[in-house]
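Colleague: Dropping a structure here in structure tokens format, bear with me for questions.
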Amino acid sequence: MDKTVINSTENQHDNNTWKYFFVLLFMLILLYPVCGFFIDKTIELSGVTAGNENAVFGFTEIMDGSAQATWNSIIDNSFPGRKALIKLRSQLIFSAFKKSPNSNVIIGKDNYLFEPEYVYKELNIYPVSDDSYFEDLISKLDRLQELCTSKGKELYIFVTPTKAHFFRDKIPQNYLSMANDGENNYDKFARYLYSSNLKYFDCHAYYEEHKGDLEAPLYYSTGIHWSHPWGQLCAKEFASYIAENSKWHLGTLEQKVKPSKNNVPTFPDTDLYDSLNLIMRPSGDQYFKSKLKVVDEEEVPTVFYRGGSFMGQSLSELGSSGLFNVSAHFENNYCIINGDARTFSGFDTYDEFGDVGKYLSESDILILEVNEGAIPTMSWGFIDYLLENPNLLG
């Protein structure tokens, strides 16, 4: 056969192949919204999604263009297959380019994840509070302790650690290069606490001395909160500290720690990883489960907690185990009372908590939790609120 004829036949075959490919691609694009509708039903995204429940499409809105803008926003946030495309894009950015698809997450060495705020505070990139702040804070805490004592109550401070300090070697070099020397907020606070007469338990210092006591890590690479085993161990030791310094005879706690079956994480072990909206599940950590149990019961005082989310892996278990009767677990901008959560508009909108005095007055012990990263805003004005309203304590 003539070579010209053979080449012509091969070229025709190649052209047909490309035609079929583009036709198939076009059909897939047309069918994607249908497929995507069903795919999205199996997908959950982390983070905030814009909504337009109160969309208005009147004559005025059409004429000024706001209706069209709202309609575009509705399409952008609800078209079929959107969730799948978000996860696909995020996975591509994370795996191929080693970048974070979430601006509030830093990808460190060995894929350790951090929130920028904690890194900035650990490295003194954010300005450190001056001595006058800590002098004023300790003075207020002293006054609050005296007030509690006068009301027949006890005050304790529970200091929780940050990932950025104990995994500083995993922070990216471009952040380390901006670090400033000198004491950070935790260093100053610990120094002032040590020289005070306040009753406190420093989990940071405890971990430094006992880091080999558990097989579980203090933090997983995938989360911003500390692990349940270490949170509960610190809570257990904190309870022993209270028993030594209190009029109350507390029961004895026993802790059991074991690797998670099938390596399934427990909330919030992967909270930062989940916020990246990736397709693949994390695989670099061994996760652990932990449980506290009261093995010999004695007196059960009523406590009022005020602090942040690090109480969820620690202090909350003291109530769940039965060591304490918890009148109120006041965390961030919500408060859990008898299993029901009340949410407030801000971290310091205490006037919205109309019956706070009822739960404070019922309490025998007041515990203030503060994470290292929140020391400059400790308790979000709660200390001032109590000092200005001493009658709330009974």
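FYI, it's all coordinate maths here, none of it is from the lab. All figures in this text were calculated on a predicted structure; none of them were measured in a lab. Cβ coordinates were reconstructed from backbone atoms using ideal geometry, including for glycine residues, and neighbour counts include every protein chain displayed.
Colleague: Could I have the simple spin-label model distance between SER240 and GLU135, label points 7 Å from Cα toward Cβ, reported in nm to one decimal?
Modeller: Those two pseudo-labels are separated by 3.8 nm.
Colleague: If you don't mind, another one. Which net charge results when you count Lys and Arg as +1 and Asp and Glu as -1 among the other residues whose beta-carbon is under 14 Å from that of GLY322?
Modeller: My count for the surroundings of GLY322 gives -3.
Colleague: Determine the sum of side-chain charges near PRO229: Lys and Arg each +1, Asp and Glu each -1, restricted to other residues whose C-beta is under 10 angstrom from that of PRO229.
Modeller: So the surrounding residues net to +2.
Colleague: Taking loop as defined by DSSP and a crowding limit of 11 other beta carbons within 10 Å, which trypsin sites (Lys or Arg not before Pro) in the stretch 246-317 fit? Display every interim value, and only then the final one.
Modeller: On the way: sites: LYS247, LYS256, LYS261, LYS289, LYS291, LYS293, ARG306; in loops: LYS247.
Within the stretch 246-317, the qualifying trypsin sites (Lys or Arg not before Pro) (loop, at most 11 other Cβ atoms within 10 Å) are LYS247.
Colleague: Between THR252 and ASP181, how many nm apart are label points set 7 Å from Cα along the C-beta direction?
Modeller: 5.0 nm
Colleague: OK, next. I want to verify the translational diffusion coefficient of the stretch 113-393 in µm²/s; compute it with Stokes-Einstein, Rh as the Kirkwood radius over Cα pairs, at 4 °C and 1.567 mPa s.
Modeller: Details: Rh = 19.7 Å.
Translational D for this selection: 66 µm²/s.
Colleague: Now for a separate question. If the only charges are +1 at each Lys and Arg Cβ and -1 at each Asp and Glu Cβ, what is the size of the charge dipole of the stretch 113-393 around the Cα centre, to the nearest 20 debye? Intermediate results must be reported in sequence, preceding the final value.
Modeller: On the way: 24 positive and 43 negative charges, 154 e Å.
Around 740 debye, computed over the stretch 113-393.
Colleague: Across every pair of different alpha-carbon atoms, what Kirkwood hydrodynamic radius in Å does the stretch 316-394 reach?
Modeller: Details: mean 1/r = 0.0746 Å⁻¹.
It is 13.4 Å.
Colleague: Bin width 10 Å, origin at 0, all Cα-Cα pairs of the stretch 160-250: what percent of pairs per bin?
Modeller: 14, 39, 34, 11, 2, 0
Colleague: Oh, and also: Using R₀ = 56 Å, calculate the FRET efficiency as 1/(1 + (r/R₀)^6) where r is the Cβ-Cβ separation of ASN197 and SER103; round to 0.05. Mind dumping the intermediate values first?
Modeller: Working: r = 44 Å, r/R0 = 0.78.
For R0 = 56 Å, the calculated efficiency reads 0.80.
Colleague: Tell me the net charge near VAL264. Cut-off is 12 Å between Cβ atoms, VAL264 excluded, with +1 for each Lys or Arg and -1 for each Asp or Glu.
Modeller: Values: positive: LYS261, ARG281, LYS289; negative: ASP269, ASP285.
Around VAL264, the surrounding residues sum to +1.
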